[in-house]
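Read the structure below first, then the notes.
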Amino acid sequence: MSYRVTLLPGDGIGPEVTKAMRACVDATGVKINWDEVIVGAPAIEKFGTPLPQAAIESVKKNKVAIKGPIETPIGKGFRSVNVQLRQELDLYACVRPAKYIEGTKAVNTKVDIVIFRENTEDLYAGVEFDVNSPEAKHLIQEINKVSVKKVREDSAISIKPISIFGSERIIRYAFEYALKNGRKKVSLVHKANIMKFTDGLFLRMGQKIALEYAGKVTFEDVIVDNMCMQLVQKPELYDVLVLPNLYGDIVSDLCAGLVGGLGIAPGANIGSAAALFEPVHGSAPKYAGQNKVNPTATILSAVMMLRHLGEMDAARRLEKAVCDVIKEGTDVTYDLKADRNDPGSVGTQEMAAAICKKLKQ
Ligand code: NAP
């Protein structure tokens, strides 16, 4: 059997880590026809847009895609291509496992957490109005008419929509995952003590859905600031986390840090019509073109993709090959060495070659 998968190399370190990933997936023997489409900086150069329609059409057609990171200008310029892709394709569930791998510089060896981040709403919805724009002025006037709390006239505005529909489907997805994968507890993370309507709605949906899983999956809710401290001190207490978009983004980087850094943290964005796999890390522009960064996060994202395709044996073999190479600690990138300046660290493609070699042993 062969598959057609969209490959979006991205920019910065994206082309390097996706090249390494592709070599490893091909070495498993699973036949994949890669439909490669440029996005990000190279697409701006060629087509004048970071997200050509061809990229969206390809993912819609193939239903499965894997991508490298894409840079987003900070505080100006075009909107995040990553966020646009998730919204255009309605990839509502961002799934990010954080699990200890022997040989990494993990802060805590007992971490085994799967994070479910809502991917389409919250402050990421892209409903924003710049300071002094006619839209912001109009909105502020209207808000000040109906709200006891007044908004200063010289404010920029970002809207935080959290819906019943959006909350229900991500929370249900997290519970279903827990049930199917023998996970014991779902912790819902929020700030409903302050944002009583938006986070309050997310929490109430969690409490309601939890009743359907009573006796099978335990439910608790934790306030996000406390959760950050708990995760640093006692991560072994947590199993499945479900969070609105912004907290999910921040807490998943925290968990990546706990297990040894962004270089090894994989992710998936799942919707009802398509699935897009990508590392948690960004485009790390300072390392672009240096064949230096760790390809593990992208390769483990491909492991998640192989499982999604039903290629369980190939997924298991590739994951084991990655873990074996990391455990041996020889053919690994700088971030996995005890000393980051270790001259014995290898490059991105060399680490991938060592993983391919393990697959064939
Ligand atoms: P970043 O690219 O994730 O890099 C932050 C740091 O994480 C790096 O300096 C490096 O740490 C470490 N790191 C990241 N990837 C690594 C890898 N493969 N191997 C080893 N270490 C790795 O975060 P950023 O610098 O904040 O963001 C850069 C750009 O990426 C921004 O434009 C941002 O918007 C974008 N971004 C894109 C995505 C996406 O495409 N999904 C996600 C997040 C951010 P050391 O310096 O300690 O070596």
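Residues in region 88-102 that are within 15 Å of the ligand (Cβ to nearest atom), open to solvent by less than 70 Å² (accessible area, probe 1.4 Å) and not in a strand (DSSP E or B): 89, 91, 101. Return a yes/no flag: does region 248-255 have any residue that is within 15 Å of the ligand (Cβ to nearest atom), in contact with an Asp or Glu (Cβ under 9 Å, 6 or more places away or on another chain) and at pLDDT 95 or above. Yes. Of all residues in region 232-249, those that are aromatic (Phe, Trp, Tyr) have Cβ atoms under 6 Å from Cβ atoms of residues that are at pLDDT 95 or above, 6 or more apart or on another chain, in 238/113; 238/187; 247/189; 247/224.
Can you tell me which residues in region 260-278 are within 13 Å of the ligand (Cβ to nearest atom) and open to solvent by less than 30 Å² (accessible area, probe 1.4 Å)?
Of region 260-278, the ones within 13 Å of the ligand (Cβ to nearest atom) are 260-269, 276-278.
Hits for region 260-278 are 260, 261, 263, 264, 265, 266, 267, 268, 269, 276, 277, 278.
For residue 114, the conditions (1) over 16 Å from residue 266 (Cβ atoms); (2) β-branched (Val, Ile, Thr); (3) open to solvent by less than 50 Å² (accessible area, probe 1.4 Å) are fulfilled apart from (1). For region 117-147, the candidate set comprises residues that are open to solvent by less than 30 Å² (accessible area, probe 1.4 Å) and among the polar types (S, T, N, Q); within that set, the residue that is farthest from residue 191 (Cα to Cα) is 133. Every condition in (1) within 16 Å of the ligand (Cβ to nearest atom); (2) in contact (Cβ under 8 Å) with a residue 40 or more places away in the chain; (3) open to solvent by less than 50 Å² (accessible area, probe 1.4 Å) holds for residue 15 except the one numbered (3). Every condition in (1) β-branched (Val, Ile, Thr); (2) farther than 23 Å from residue 227 by Cα; (3) touching a residue at least 24 places away in the same chain (Cβ under 8 Å) holds for residue 143 except the one numbered (3).
Looking only at residues of region 277-332 that are over 19 Å from residue 177 (Cβ atoms) and among the hydroxyl-bearing types (Ser, Thr, Tyr), we find that the one that is nearest to the chain's Cα centre (by Cα) is 298.
Listed here are the residues, each with its yes/no results for (1) open to solvent by 40 Å² or more (accessible area, probe 1.4 Å); (2) of a type outside the set (Gly, Ala, Ser); (3) over 22 Å from residue 99 (Cβ atoms).
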| site | (1), (2), (3) |
| --- | --- |
| 337 | no, yes, no |
| 343 | yes, yes, yes |
| 347 | no, no, yes |
| 350 | yes, yes, yes |
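Here region 45-83 is the region considered, the condition is being on the phi > 0 side of the Ramachandran plot and within 13 Å of the ligand (Cβ to nearest atom), and the residue that is most open to solvent (accessible area, probe 1.4 Å) is 75.
The values are calculated or read from the model by the stated rules, or taken from the named source; none is laboratory data. Predicted, not measured: the structure shown is a model, and the values here were computed from it. Virtual Cβ from ideal backbone geometry, glycine too; neighbours counted across all protein chains shown. With ligands, DNA and RNA removed, areas are computed over all heavy atoms of the protein, side chains included. Shrake-Rupley method; radii C 1.70, N 1.55, O 1.52, S 1.80 Å.
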